[in-house]
Amino acid sequence: MRIAGGGGAIVLALFVAGGAFAEGPVSISVESRVLSKKTSSRFAKKVLKLTNAQRVKTGLQALRWNALLARAAALHARDMADNDYFSHDSLDGRTFDERIAEQGYVWRTVGENIAAGQPTPKAVVNAWMNSPGHRANILNGAFAELGVGVATNAASTYGVYWVQDFGTPR
């Protein structure tokens with residue numbers, strides 16, 4: 001599913017297969033090509049916190065952070081930013097579930113939300129929550145773990161690329 005938002009600057013997509021946080025305002029400046037590792041980690045953990053707040057409001061368990069899912073998400077976000085494309089499928093044809101498995105995550109069910117153009121963790125989670133399909137992934141009780149990736153490239157179409165990889169291990 002692909003959805004374009006306000007002025008074509010915000011794009012969202014989702015897919016499902018099988019199945020200490022930074023506080024305060026944060027935003028991304030796409031003037032720099034690459035976020036620092038510390039900033040990327042802070043943004044990713046903020047997305048986890050905001051995602052879990054949405055889940056807890058509906059009575060669901062909070063998702064646990066998973067480093068393998070986070071690596072798959074970060075690598076895909078970086079690839080989209082570097083190669084200026086927006087898709088669940090990598091340019092080499094790999095699907096999100098294949099990229100997740102390549103990181104060593106043995107899954108029972110996995111899903112992915114992607115977005116581009118949102119400048120903050122809050123903006124991207126709000127965009128996902130306002131899209132029925134993305135909201136369904138976030139509020140899917142079958143998912144137990146989450147990894148998040150974010151990458152920037154000022155020379156790319158959207159500047160900022162976000163990936164949420166959801167999973168439940170076998």
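Structure above, values below:
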quantity	calculated
Environment charge at Gly167 (Cβ cut-off 15 Å; Lys +1, Arg +1, Asp -1, Glu -1)	0
Unit charges on C-beta of K, R, D, E only; dipole of segment 68-152, Debye	380 debye
Heavy-atom surface of segment 63-170, accessible at 1.4 Å and reported per residue (Å²)	36 Å²
Cα-based shape type of segment 59-170, given that a ≥ b ≥ c are square roots of the gyration tensor eigenvalues and the cut on a/c is 1.5	oblate
Accessible area of segment 58-101 belonging to carbon and sulfur atoms, whole % at 1.4 Å probe	50 percent
Two-site FRET efficiency, Ala136 against Lys37, from Cβ-Cβ distance with R₀ of 30 Å, rounded to 0.05	0.45
Cα gyration tensor, segment 118-170 - rounded (a/c under 1.5), prolate or oblate	oblate
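The values are calculated or read from the model by the stated rules, or taken from the named source; none is laboratory data. Everything numeric in this text was worked out from a predicted model, so none of it was measured. Note that each Cβ is placed from the backbone with ideal geometry, even for glycine, and that neighbours are counted across all protein chains shown. Accessible surface areas use protein heavy atoms only, side chains included; no ligands, DNA or RNA. Shrake-Rupley method; radii C 1.70, N 1.55, O 1.52, S 1.80 Å.
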